[in-house]
Amino acid sequence: MENGQTLIIRDIEQTDAGTYTCVAGLRGYKDKDKCSAELTVKGPPDPPRNVEILTCPGRHQAELIWEDGNNNGEEIVSYLVQYNSSMNPFYWNSAYDEVTPNDLKKSNSYFINLAPWGKYSFRVLAKNNLGYSEPSKPTPSSCDTPPSRPFGNPQNVATKTDKMGKLIITWDPMPRMLHNGPGLSYVVSYRHKGNTYWNDEIVKDPNENELEIDVDDIYGLYEVKVKAKNSFGESFRPPYRILGHSGEAEPSVSPEISAWTQKSQSVLTPPTLSGNLWIRLKKILMENSEDIWYQYKIQSVCLNFCLLLLMHMSFLGEKFLRYWKSSEGRRHWEEVPIRIEKFYPFQDVRATVNDLPPNTALRAQVSVMNDHYTGQPSDTIDFSTPEGVPGPVRSLREMEIKSNEAQLTWLPPDEPNGELVGYDIGYQPVNEESESVRALEPTIQNPSTLIATIIGLQPDQEYRFFVWARTNAGRGTPVSIDVRTKRLHDGPCPNLFREPPVLSKFQSDSPGDHMDYLATPAEHGLYLSKLKLQRTSFEIRAMRRTEKRLNQRSKVINIRPLSSLTAGILGVGQIGTEIARLLRSVGMTTWGLGRNERKHKPPEFNVVKTTNDMTEFLQSCDYLINVLPSTASTKNLLSGDTLKQCNKVLIPRPMTEIPSLFLNHTKKLKNGWLSGAILDVVNQEPLPQDSPLWSTPNVVITSHISGPCLAEPLADVFARNLSNYLEGKPLDYEIKWDVGY
């Protein structure tokens, strides 16, 4: 035919190879023509045939012979000889080198080297450029090799140091094919580094991989070697010698620990990194009998936090730092891996820990640690990390949406990471994501402001608003919300000639709520320079209506914003510190009162005083929160005329979740020293029915329930302390009998 014909053979196989003939003729004519073509199907070769053992001379060799199978269109380039043994007839080992046709004699025979003391069978695979053939059939007979001494020794000889008073030597057992004869055993030799004579131990089990030897030193340095032998003698090859150690023991030193501050330092200052810890350790050699122990002393800590420093005696490889927050206790420690690359005696060792919680009071301990034991920790010291950027605000949502304004509200971040100074708000039209986020100016400077209304928006437009919390360290992580303004059903078109951003502050009717009005910049680039155009009468009326509405809502309410109030917390332990953190997150100033002066002020408190400063403390606080334990030194602490120094202390009803213990008599209320009180603990419980406190105004009484104990946390503390006690570790919440709590 004019365009020809095509013959397609699908799923082709070797049997499809051959001569194909096409016969052509015209209908009604006797003349015909034909054309033939040869089809060759290429593939991997067929397996070799008639593989046999030609000779087995008894010299750890065998001579093999075989015949080629069909090469399937591609020349055979090499052969792979495989063998098994009577010990494992189902596993085939490959010879080290493949056999090329040039390696073979005219009879296609080949010599293969074999290990002593074995009974072997063989098979062969052929290979061309398209791959390997299937394996041939195994040889019908086998070849036996005579036994001999071992050719090698065990590999991976090492020591373990996990048992005190033991030298533990380990190695990899030799496989059966390398035994070379019956009765394989191991000669384990060891000696102190520097000694002349070796000590030998015989391990007769060829599958054994470890030997324990009693020694009288700790972490001693030894030379070790392991040699193989069987019934015909020791290995031909000498064993390698390795250096190892005997077992470790608990370090016998307790480190000293101290810290410097950036203002008064006496050593070289490491770089100051927010949220990081820089540790500088000094190594001191101490001789204990014939053993050398190491003591580590913290010379400088750049950023303060709580840690348990665990260093290996080798001072190389992975190490661990442990630290925890002062308010959470040791049970919540974090373990951080560090790596020390080099160490030189009498020089400093430095390590850096990143991603510490900012603006947090933490505690520090140092312990010496080797691979298996931890020494006694040092005394605990207190530190604080610097202020950082806050976390994201919580619960961002819309309150009221109109055609040209949107009202948003949010809650402060769970992790302020410092003292909040305000919030930033930005926006972006959703259909203009290519544009950058536009900031609303001025920023919110009052951290108590949790509501904002953005005016000057376009009707029926979707906006994406962003809110950032802000500390002196900068902005935190933004949180966004998508809002669509309502359609403008009635009235004239919206004003395109708007003023640049302005901020109008006022307080709402709800005490403690602060609202900021923010206006967006002109959406179409129509700024103040274009406002010189004549405004229409509608625009003027609209501006007057807006101004009147703002003036009506800008009421002055007789309230006290939280940012102007000071809370005095009696007790600066874990409970008092957590209360201070919560109050500072809503903008309050916090004062703390403790028994003794503190070297480092917890960052949750603005001021920390002692009981010697009681008068100043009471005069400076608007709220009193007492969480002191009941001891001989704290009983009747606020009795008598003590509270006469207060400035109308008020404990509001909504704050009943804060445990309070203030007074046991109504004199303070009647004399006007206090505006109110919340009492969870009184001298006589239950409170008698005739107590005047029941009828005293502005008093809330709860039934000693401010600190309920739940079964699951108690069980967790008990289990953890039991484990610490059995391991000789410090206990959590340990009572100090000398102070009474």
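Need the full-extension length gain, K30 to I202, defined as separation in residues times 0.36 nm minus the C-alpha distance. One decimal, nm. Please report the intermediate quantities before stating the final value.
Numbers: separation 172, 0.36 × 172 = 61.92 nm, distance 9.77 nm.
Extending this stretch completely gives an extra 52.2 nm.
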Check: Ranked from the most accessible area to the least, with a 1.4 Å probe and all protein chains present, what is the order of W333, W591?
Finding: W333, W591
Margin query: Could you give the length gained by full extension between N636 and I12, i.e. 0.36 nm per residue of separation minus their alpha carbon distance, to one decimal place?
Written below: 214.4 nm
Next item on the list: Whenever you get a sec, line up I9, I451 from highest to lowest accessible area (probe 1.4 Å, protein heavy atoms).
Entry: I9, I451
Next item on the list: State the extension gain, in nm to one decimal, for the chain segment bounded by D690 and S141, taking 0.36 nm per residue of separation less the distance between their alpha-carbons.
Entry: 186.5 nm
Checklist line | Interchain or long-range residues, amide H under 5 Å from I678's placed H | finding: V700
Checklist line | Label zone at L243, where the point sits 7 Å out along the Cα-to-Cβ direction: the range 203-228 residues whose backbone N lies under 19 Å | finding: 217-226
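Could you list, in their original order, any pairs among K609/K729; K160/K225; K42/K127; K599/K729 whose Cα atoms are separated by more than 21 Å? Spell out each step's value before the answer.
On the way: K609/K729 33 Å; K160/K225 14 Å; K42/K127 13 Å; K599/K729 26 Å.
Going by Cα-Cα distance, K609/K729; K599/K729 fall outside the 21 Å limit.
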Notebook entry, point to check: Using a ≥ b ≥ c from the Cα gyration tensor of the range 16-108 (square roots of the eigenvalues), is it rounded, prolate or oblate, where a/c under 1.5 gives rounded and otherwise the larger of a/b and b/c decides, a/b for prolate?
Noted result: prolate
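Sort C621, C56 from largest to smallest accessible area, using a 1.4 Å probe on the heavy atoms of the protein chains. Could you put the intermediate results ahead of the total?
On the way: C621 0, C56 55 Å².
The ranking, largest first, comes out as C56, C621.
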Notebook entry, point to check: Once both labels are modelled 7 Å past Cα along the beta-carbon direction, what's the T100-N113 spacing in nm?
Noted result: 2.0 nm
Note to self: Once ligands and nucleic acids are excluded and a 1.4 Å probe is used, how much of K729 is accessible, expressed in Å² to the nearest 10?
What the structure shows: 100 Å²
Next item on the list: Send over a whole-number figure in Å² for the accessible area per residue of the range 79-195, probe 1.4 Å.
Entry: 51 Å²
Next item on the list: Can you bin the range 164-223 into rounded, prolate or oblate? Criterion: square roots of the alpha carbon gyration tensor eigenvalues sorted a ≥ b ≥ c, rounded for a/c under 1.5, prolate for a/b above b/c, oblate for the rest.
Entry: prolate
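Please go through the range 571-616 and write out the GluC sites (Glu not before Pro) that DSSP classes as loop and that have at most 12 other C-beta atoms within 10 Å. If you can, show how the numbers build up before the last one.
On the way: sites: E578, E597, E604, E616; in loops: E597, E604.
Here the sparse-neighbourhood loop sites are E597.
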Next item on the list: Please list the non-local residues whose amide H lies under 5 Å from the amide H of Y79, H modeled 1.01 Å from N, same-chain partners needing a gap of 5 or more.
Entry: V99, T100
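Check each of the GluC sites (Glu not before Pro) in the range 9-52 and keep only those in coil by DSSP with at most 14 other C-beta atoms within 10 angstrom; list them in order. Let's see the in-between values first.
Details: sites: E13, E38, E52; in loops: E13.
When the GluC sites (Glu not before Pro) of the range 9-52 are filtered for loop state and at most 14 Cβ neighbours within 10 Å, E13 remain.
The values are calculated or read from the model by the stated rules, or taken from the named source; none is laboratory data. None of the values given here were measured: they were computed from a predicted structure. FYI the Cβ positions are ideal-geometry reconstructions off the backbone, even for glycines, and counts take in every protein chain you see. We work out accessible area using only protein heavy atoms, side chains counted, and drop any ligands, DNA or RNA first. Shrake-Rupley method; radii C 1.70, N 1.55, O 1.52, S 1.80 Å.
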